[in-house]
Amino acid sequence: MNKPFVVPVNRDSACQPPSAKDFLVDRTFRGLARIGVVLILALVAALVFEVWRKALPGMEKHGFDVLFGSVWDVNQGKYGILPAIWGTLY
């Protein structure tokens, strides 16, 4: 007759199932990590909004071609920031 294999419990071993405290610590950490992610995303959104708000008067004056142009000539009033954007992303 086959007996099921049973591993004896050794309290000194590092291989133990997680305790209730371990689950609580894990859930707390996950909650704090989620809060951190939400705060970071909110900060990035606030930064993008603030940059957009400050740039809007210039965009209205010079048009949205500023984003996609590559010529920066103050004498002609042509401004393009695509190389700066590309360099930042690169």
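Binning every alpha carbon pair distance of the chain at 5 Å from zero, what are the percents per bin?
Result returned by the calculation: 2, 10, 9, 12, 9, 7, 6, 6, 5, 6, 5, 5, 5, 4, 3, 2, 1, 1, 0, 0.
May I ask you to give the solvent-accessible area per residue for the chain, in square angstrom, as obtained with a 1.4 angstrom probe?
Averaged over the residues of the chain, the accessible area is 97 Å².
Which value in deg cm²/dmol, rounded to the nearest 500, describes the helix-derived mean residue ellipticity at 222 nm for the chain, given -39,500 (n - 2.57) per DSSP H run of n ≥ 4 and division by the residue count?
Working: 3 runs with 55 residues, N = 90.
Mean residue ellipticity at 222 nm (helix-derived): -21000 deg cm²/dmol.
Amide H to amide H, which residues 5 or more places from LYS78 or on other chains are under 5 Å from it, using H placed in the peptide plane?
ASP73
Under a point-charge model restricted to the Cβ atoms of Lys and Arg (+1) and Asp and Glu (-1), what is the dipole moment magnitude of the chain relative to its Cα centre, in debye to the nearest 20? Spell out each step's value before the answer.
Values: 10 positive and 7 negative charges, 86 e Å.
Charge dipole, the chain, about its Cα centre: 420 debye, nearest 20.
Over the chain, with every protein chain in place, what whole percent of the accessible area is carbon and sulfur at 1.4 Å, could you tell me? Could you put the intermediate results ahead of the total?
Details: 5930 of 8700 Å².
Result for the chain: 68 percent of the exposed heavy-atom area is carbon or sulfur.
Could you point to the residue in LEU24, LEU47, ASN75 farthest towards the positive end of the chain's charge dipole, with +1 and -1 charges on the Cβ of Lys/Arg and Asp/Glu respectively?
Value: LEU24.
The values are calculated or read from the model by the stated rules, or taken from the named source; none is laboratory data. The model shown is predicted, which means the values in this text are computed figures rather than measured ones. Positions of Cβ are backbone-derived with ideal geometry, glycine not excepted, and every protein chain shown enters the neighbour counts. Quick note on the areas: whole protein, heavy atoms, side chains included, nothing else; ligands and nucleic acids left out. Shrake-Rupley method; radii C 1.70, N 1.55, O 1.52, S 1.80 Å.
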